[in-house]
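Data block below; observations after.
The values are calculated or read from the model by the stated rules, or taken from the named source; none is laboratory data. Quantities reported herein were computed from a predicted structural model and do not represent experimental measurements. Positions of Cβ are generated from backbone atoms using ideal geometry, with glycine treated the same way; all protein chains shown enter the neighbour counts.
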Amino acid sequence: MTKERNDHSFLHKRMPSNSPDSSADVGDIKDLPGFGKPLKESYLKGDALSNVLKEANYIPSWVDLQHSIRDELKKLVDKKATAHNKKLMISEIEEINKLIAKYNRNCPPIMQRGQITYENMEQKLETYE
């Protein structure tokens, strides 16, 4: 009975092989487009996940938020140039700062942005373009 417990050869027979040559679907693998050709250099550089997302045309939600902040900030800078009411603009700045806070919670830490003020909105707009 101890011999049966120590004999693990039955496990080897039941486990699937990692080699594609030993699978039953060898024909399926060889029929894939690009089989046997070298990989694109872009696949070998950077993060694999980023490459896959880029190929799939996926845009993270924080990038969309960054674009909307830029557009709203651009409108606000244009309003400032035409000498609109400062108090009204400050309330709009607070709304943009709420968007910036949401952006900062979702983006990578290195991409986080500071809050805007009436005085620095032109400089902050340059960082969004």
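Please determine, by comparing only the residues of segment 43-95 that are at pLDDT 80 or above and not in a helix (DSSP H, G or I), which one is nearest to the chain's Cα centre (by Cα).
60
Filter segment 102-126 down to the residues that are surrounded by 12 or more Cβ atoms within 10 Å (Cβ to Cβ) and in a helix (DSSP H, G or I) and list them by number.
Matches in segment 102-126: 102, 103, 104, 106, 111, 121, 122, 124, 125.
Of all residues in segment 33-65 being among the aromatic types (Phe, Trp, Tyr) and under 27 Å from residue 100 (Cα atoms), which is surrounded by the fewest Cβ atoms within 10 Å (Cβ to Cβ)?
58
Only residues in segment 96-117 that are aromatic (Phe, Trp, Tyr) count as the first member; pair them with residues that are assigned to a loop (DSSP other than H, G, I, E, B), Cβ under 9 angstrom, at least 6 apart or cross-chain, and list the lot.
103/112; 103/113
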